[in-house]
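S.K.: Sharing a structure below in structure tokens format, with a few things to ask.
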Amino acid sequence: MHAPRNERLELRSTARMKELLAEYFGRLGSAAKDRSAPVAWCSSVGPAEMLRALGFEVFFPENHGAMLGAFRMANECMSKAHARGYSQEICSYLTSDVGAYLAGKTPLTAYGMDSAPRADVLVFNTNQCREVQDWFEFYGREWKVPVVGVTSFRSVGEVTEPLVTAITRQMEDLVPTLEGIAGKRLDPARLSEVVGLSRQCSDLWKACLGTAAHRPSPLTFFDSTIHMAPAVLLRGTPDAISYYELLLAELQERIAGGVAAVPGELHRLYWEGMPMWGKLREHASMFAQMHTCVVASTYCNSWIFEALDPADPLRSMARASLELFIARSDGPKQRYIERMVEQFHVDGVLFHDCRTCPHNSNTRYGMPGRLREESGIPSVTVEGDHTDLRCYSAEQSRTSIEGFVEQLADR
Amino acid sequence: MSAAGSAKGGANTLFGGIDSGSWNTKAVIIGGDCRWLGSAVVRTGADLEGAAGAAFELALRAAGLGREALDAVWATGFGRRSIPFAHGTRTELDCHARGVRHHVQGATTIIDIGGQDAKVIRLDAEGRRISHRMNRKCAAGTGSFLDEMALRLDTSTDRLPELAAKFSEEVELGSFCTVFSGTELLGAIRGGKRPADLARAAYKSVVRRVLEMDVFDGQVAGTGGVVAHHPMVLDLFAQHLGARLIVPPHPQELGAFGAALAARESILNQGLEPAPEAADLP
Ligand code: SF4
């Protein structure tokens, strides 16, 4: 009596992405082991280009947190961090990663590593949250290595020149310390080249995500959360660029052939907030079975850095870090969501109220109500967490989401 | 049961709705003219399918009908996908909205307080759903909260209304969470507060938690088991909202009634597709 099960289509490019990730983690693993290159930890939207230009192998611990979540290892690990006084109420990336370190566990064994790579330096940018600094300082104490970074502005309305200047200065101040650790000078030409590569990666990633504006969409949010890995881990390298050229071609091929990522697409949603890594697969098939495509998201868009400019590398990096959605106040955030709803022909917004990441939870200051009243955009809020599955009620959320899809269908 | 899809004339058709709730399973039988023919409420327990079958049989008996007489049966509630004899499912959000819409015209906010959760559902002037909120994962603001408080007061949930009616002093329970409220209640008992006043305090807590879920302007309807069996809740809402909740007939079975209406629509209007089955999450 029930509708036949429908599943979303897998992308062919995944195979190439897996190779690239294996190479990336291979390089990181050997750098940490043979000391063939210095290793830096970097917060996800931190100054990675500068680190790359200095020859660091760059590790992004939020990706490690996401992997712990996706491999369902997070909950057993995070309890170790809770026991050390890291609260259940703070970022579960932090607690699962620190817990994994304390427990001697990692999903990186899939890439031949027996732990996250030991850092020579940890570099944060608090444009996203304070947690990255607290997180890195744990390892700074453990390994007795420097923790440096940018103390940024939050809740930024307009990105003004004085703000950009202040962040640029802080980035400039990082250079001598990082040069000392890398054992080489920062070559301006090389920095400009890396920023240029990063910008190309960003443009291609944006083009890939933009294909979801097509009806039916060739891409779902659940694909994008997987395929964003090169934009996160490899931006500033030619590999990331060639990967997104490949992916873009596949997505354009789907459009030309009328191939829908969600067969029989009826409804289109925007996902506002973090993915729930341990529930990605279930969520992907749940939405596919409801003929609902989650076409776009703030989260995957966060690795689009349109300000990056090889002609003015540091200042453009500073500007890009301030223009990010997560660093902005509610006014620009609301206008951004409204633009996305229009661009991607979205029927409604799903807000993930992420228990341990207030910075990526945009439900807490009345945003859903304002979107409904001012722009007529319907939304539903689902409570959960990016990594801590204890914060998620599958049953209640499913009813809420199904009820929302029924509501959209009945309009 | 005649096959769904073989529509007969509206007047001769018969439909069933099952609401498989976390605490109780409700079944309702209606005619093609939406007339209420019979209903039943049974404890859900651990066997969702068994409870649905039992409620359905009892409702059929109350209606004086056999299974084969029905044209379609739809299910709702948290166990809606565990009922193999249902021809389709809708969420309880949809079914409560349908049930209320049948009785109440115009823009309405629905407060549904069940065993495990509380919901606020907003309908526009045409009766279309425009938003919903569900309570957070704690039992506060739900029937389970009342069960817990009744236990602490050494009584049962069904005797709580009678106890609370004897109140003489206003007492407040301030805690957000059920466990904290329980200890707060024990403290109040030790402090010499009377059980009747504390029973009323428990009702006030439920009402306050629900009022925090949304803005209530315009007409408000109440559904669900707590609304059906705890009249003080209605008095307290009236006090806060300045008007009494509109309570449709059979508020506890209203979700099942909504499911029966969905079954009816699927046959008579041929317009309603069964909701696609969502993945079974572990
Ligand atoms: S932004 Fe949120 S998820 Fe990311 S590191 Fe900070 S607290 Fe954690």
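S.K.: Anything in region A:389-404 that is more than 8 Å from chain B (Cβ to nearest Cβ) and farther than 19 Å from A:THR363 by Cα? List them, or say none.
M.R.: Hits for region A:389-404 are A:LEU389, A:ARG390.
S.K.: Test B:GLY191 against the criterion of being modelled with pLDDT of 90 or more and over 30 Å from A:PRO378 (Cβ atoms), and give yes or no.
M.R.: Against the criterion (modelled with pLDDT of 90 or more and over 30 Å from A:PRO378 (Cβ atoms)), B:GLY191 qualifies.
S.K.: Can I ask one more? Just a yes or no: is a residue in region A:327-343 of a type in the set (A, V, I, L, M), more than 10 Å from chain B (Cβ to nearest Cβ) and closer than 22 Å to A:TRP135 by Cβ? Reasoning before the result, please.
M.R.: Residues of region A:327-343 that are of a type in the set (A, V, I, L, M), as a first pass: A:327, A:337, A:340-341.
Remaining after also requiring more than 10 Å from chain B (Cβ to nearest Cβ): A:327, A:337, A:340-341.
Next, from what is left, pick out any that are closer than 22 Å to A:TRP135 by Cβ: A:327.
Checked region A:327-343: at least one residue is of a type in the set (A, V, I, L, M), more than 10 Å from chain B (Cβ to nearest Cβ) and closer than 22 Å to A:TRP135 by Cβ.
S.K.: Let me ask you something else. Would you check which residues across region A:289-315 are open to solvent by less than 10 Å² (accessible area, probe 1.4 Å), hydroxyl-bearing (Ser, Thr, Tyr) and in contact with a Leu (Cβ under 7 Å, 6 or more places away or on another chain) and list them?
M.R.: Once the filter is applied, which keeps residues that are open to solvent by less than 10 Å² (accessible area, probe 1.4 Å), hydroxyl-bearing (Ser, Thr, Tyr) and in contact with a Leu (Cβ under 7 Å, 6 or more places away or on another chain), region A:289-315 yields only A:THR292.
S.K.: Here's something else I'd like to know. Could you check region A:183-209 and list, in sequence order, the residues that are surrounded by fewer than 21 Cβ atoms within 10 Å (Cβ to Cβ), part of a helix (DSSP H, G or I), out of contact with any Phe, Trp or Tyr (no Cβ under 8 Å at 6 or more places or on another chain) and not charged (D, E, K, R)?
M.R.: Answer for region A:183-209, where residues must be surrounded by fewer than 21 Cβ atoms within 10 Å (Cβ to Cβ), part of a helix (DSSP H, G or I), out of contact with any Phe, Trp or Tyr (no Cβ under 8 Å at 6 or more places or on another chain) and not charged (D, E, K, R): A:PRO188, A:ALA189, A:SER192, A:GLY196, A:GLN200.
S.K.: Are any of the residues in region B:256-270 away from chain A (no Cβ under 14 Å), out of contact with any strand residue (DSSP E or B) (no Cβ under 8 Å at 6 or more places or on another chain), at pLDDT below 95 and assigned to a loop (DSSP other than H, G, I, E, B)?
M.R.: yes
S.K.: If only one of A:PHE351, A:PHE325 is within 16 Å of the ligand (Cβ to nearest atom) and open to solvent by 20 Å² or more (accessible area, probe 1.4 Å), which one is it?
M.R.: Values: A:PHE351 fails: open to solvent by 20 Å² or more (accessible area, probe 1.4 Å).
Going through A:PHE351, A:PHE325 in turn, the sole match is A:PHE325.
Listed here are the residues, each with its yes/no results for (1) of a type outside the set (A, V, I, L, M, F, W, C); (2) without any contact (Cβ under 8 Å) to a residue 12 or more places away in the chain; (3) buried (at least 19 other Cβ atoms within 10 Å of the Cβ); (4) closer than 26 Å to A:ILE181 by Cβ.
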site	(1), (2), (3), (4)
A:LEU9	no, no, no, no
A:ARG16	yes, no, no, no
A:SER43	yes, no, yes, yes
A:GLU62	yes, no, yes, yes
A:SER79	yes, no, no, no
A:ASP97	yes, no, yes, yes
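S.K.: While we're looking at this one, here's another question. Only residues that are open to solvent by 10 Å² or more (accessible area, probe 1.4 Å) and more than 9 Å from chain A (Cβ to nearest Cβ): list them for region B:71-84, please.
M.R.: Residues of region B:71-84 that are open to solvent by 10 Å² or more (accessible area, probe 1.4 Å), as a first pass: B:78, B:81-82, B:84.
The answer is B:SER82, and nothing else.
S.K.: Could I ask something else about it? Filter region B:39-57 down to residues that are surrounded by fewer than 17 Cβ atoms within 10 Å (Cβ to Cβ) and of a type outside the set (D, E, K, R) and give me whichever is farthest from the other protein chains (Cβ to nearest Cβ). Lay out the reasoning, then the answer.
M.R.: Keep residues of region B:39-57 that are surrounded by fewer than 17 Cβ atoms within 10 Å (Cβ to Cβ), which gives B:43, B:45-47, B:49-50, B:57.
Filter once more, keeping what is of a type outside the set (D, E, K, R): B:45-46, B:50.
Working: B:GLY45: 17, B:ALA46: 15, B:GLY50: 19 Å.
Among those residues, the one meeting the criterion is B:GLY50.
S.K.: Out of all the residues in region A:227-276, which are within 16 Å of the ligand (Cβ to nearest atom) and either in a loop (DSSP other than H, G, I, E, B) or β-branched (Val, Ile, Thr) (or both)?
M.R.: Correct list: A:MET228, A:VAL232, A:GLY273, A:MET274, A:PRO275, A:MET276.
Conditions tested, residue by residue: (1) more than 29 Å from B:PRO249 (Cα to Cα); (2) crowded, with 17+ Cβ neighbours inside 10 Å; (3) under 21 Å from the mean Cα position of the chain (by Cα).
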site: B:GLY182; (1), (2), (3): yes, yes, no
site: B:LYS193; (1), (2), (3): yes, no, no
site: B:ARG200; (1), (2), (3): no, yes, no
site: B:VAL210; (1), (2), (3): no, yes, yes
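S.K.: Quick check on my filter: what residues within region A:354-383 are buried (at least 20 other Cβ atoms within 10 Å of the Cβ), among the hydroxyl-bearing types (Ser, Thr, Tyr) and more than 16 Å from the ligand (Cβ to nearest atom)?
M.R.: Correct list: A:SER379, A:THR381.
S.K.: Suppose we keep only residues that are away from chain A (no Cβ under 14 Å) and of a type in the set (Val, Ile, Thr) within region B:132-163. Which one would you say is nearest to the chain's Cα centre (by Cα)?
M.R.: Residue satisfying both the conditions and the ranking: B:THR157.
S.K.: Which count do you get for residues in region A:110-164 that are closer than 21 Å to A:ALA37 by Cα and without any contact (Cβ under 8 Å) to a residue 24 or more places away in the chain?
M.R.: Of region A:110-164, the ones closer than 21 Å to A:ALA37 by Cα are A:111-124, A:136, A:139-140, A:142-149.
Filter once more, so that each one left must be without any contact (Cβ under 8 Å) to a residue 24 or more places away in the chain: A:114-115, A:140, A:144.
So the answer is 4.
S.K.: Follow-up. What number of residues in region B:212-228 are out of contact with any Leu (no Cβ under 8 Å at 6 or more places or on another chain) and at pLDDT below 95?
M.R.: 8
S.K.: It is to be established whether one or more residues within region B:91-109 are more than 29 Å from A:ARG355 (Cβ to Cβ), assigned to a strand (DSSP E or B) and of a type in the set (S, T, N, Q).
M.R.: Yes, region B:91-109 has at least one match.
S.K.: Can you tell which of B:GLY16, B:GLY21, B:GLY45 is modelled with pLDDT under 95 and under 15 Å from B:LEU254 (Cα atoms)?
M.R.: Unique residue meeting the criteria: B:GLY21.
S.K.: Tell me yes or no: at least one residue of region A:120-138 is away from chain B (no Cβ under 14 Å), open to solvent by 10 Å² or more (accessible area, probe 1.4 Å), of a type outside the set (Val, Ile, Thr) and more than 15 Å from the ligand (Cβ to nearest atom).
M.R.: Taking every residue of region A:120-138 in turn, at least one turns out to be away from chain B (no Cβ under 14 Å), open to solvent by 10 Å² or more (accessible area, probe 1.4 Å), of a type outside the set (Val, Ile, Thr) and more than 15 Å from the ligand (Cβ to nearest atom).
S.K.: Is there a residue in region B:82-89 that is more than 18 Å from B:VAL226 (Cβ to Cβ), free of Cβ contacts under 8 Å to residues at least 40 places away in the same chain and outside the structural domain of B:GLY16 (by TED's automatic domain parsing)?
M.R.: no
S.K.: Report yes if some residue within region B:124-131 is over 20 Å from the mean Cα position of the chain (by Cα) and either open to solvent by 40 Å² or more (accessible area, probe 1.4 Å) or polar (S, T, N, Q) (or both); otherwise report no.
M.R.: Checked region B:124-131: at least one residue is over 20 Å from the mean Cα position of the chain (by Cα) and either open to solvent by 40 Å² or more (accessible area, probe 1.4 Å) or polar (S, T, N, Q) (or both).
S.K.: Can you tell which of A:PRO146, A:PRO176, A:PRO216 is assigned by TED's automatic domain parsing to the domain that holds A:ALA284 and open to solvent by 10 Å² or more (accessible area, probe 1.4 Å)?
M.R.: Working: A:PRO146 fails: assigned by TED's automatic domain parsing to the domain that holds A:ALA284; A:PRO176 fails: assigned by TED's automatic domain parsing to the domain that holds A:ALA284.
Exactly one residue qualifies, and that residue is A:PRO216.
S.K.: Considering region A:284-319 alone, what residues qualify as being within 14 Å of chain B (Cβ to nearest Cβ) and either in a helix (DSSP H, G or I) or under 30 Å from A:ALA189 (Cβ atoms) (or both)?
M.R.: A:ALA284, A:SER285, A:MET286, A:PHE287, A:ALA288, A:GLN289
S.K.: Further question on the same structure: From A:TYR93, A:TYR101, grab the single residue that is aromatic (Phe, Trp, Tyr), within 16 Å of the ligand (Cβ to nearest atom) and open to solvent by 20 Å² or more (accessible area, probe 1.4 Å).
M.R.: Going through A:TYR93, A:TYR101 in turn, just one is aromatic (Phe, Trp, Tyr), within 16 Å of the ligand (Cβ to nearest atom) and open to solvent by 20 Å² or more (accessible area, probe 1.4 Å): A:TYR101.
S.K.: For A:ALA3, all conditions in the list (1) farther than 23 Å from A:PRO275 by Cα; (2) modelled with pLDDT under 95; (3) in the same structural domain as A:ALA116 (by TED's automatic domain parsing) hold save one; what is the number of the exception?
M.R.: Here A:ALA3 meets the rest and fails (3).
S.K.: A follow-up question, please. Hey, A:ARG281 hits all of (1) outside any loop (DSSP other than H, G, I, E, B); (2) more than 14 Å from chain B (Cβ to nearest Cβ) but one; which does it fall short on?
M.R.: So A:ARG281 meets the others, but not (2).
S.K.: Give just the number: which of (1) within 14 Å of another protein chain (Cβ to nearest Cβ); (2) among the polar types (S, T, N, Q); (3) within 12 Å of the ligand (Cβ to nearest atom) does A:ASN63 not satisfy?
M.R.: (1)
The values are calculated or read from the model by the stated rules, or taken from the named source; none is laboratory data. Predicted, not measured: the structure shown is a model, and the values here were computed from it. Cβ coordinates were reconstructed from backbone atoms using ideal geometry, including for glycine residues, and neighbour counts include every protein chain displayed. Just the protein is used for accessible areas: all its heavy atoms, side chains included, with ligands, DNA and RNA removed. Shrake-Rupley method; radii C 1.70, N 1.55, O 1.52, S 1.80 Å.
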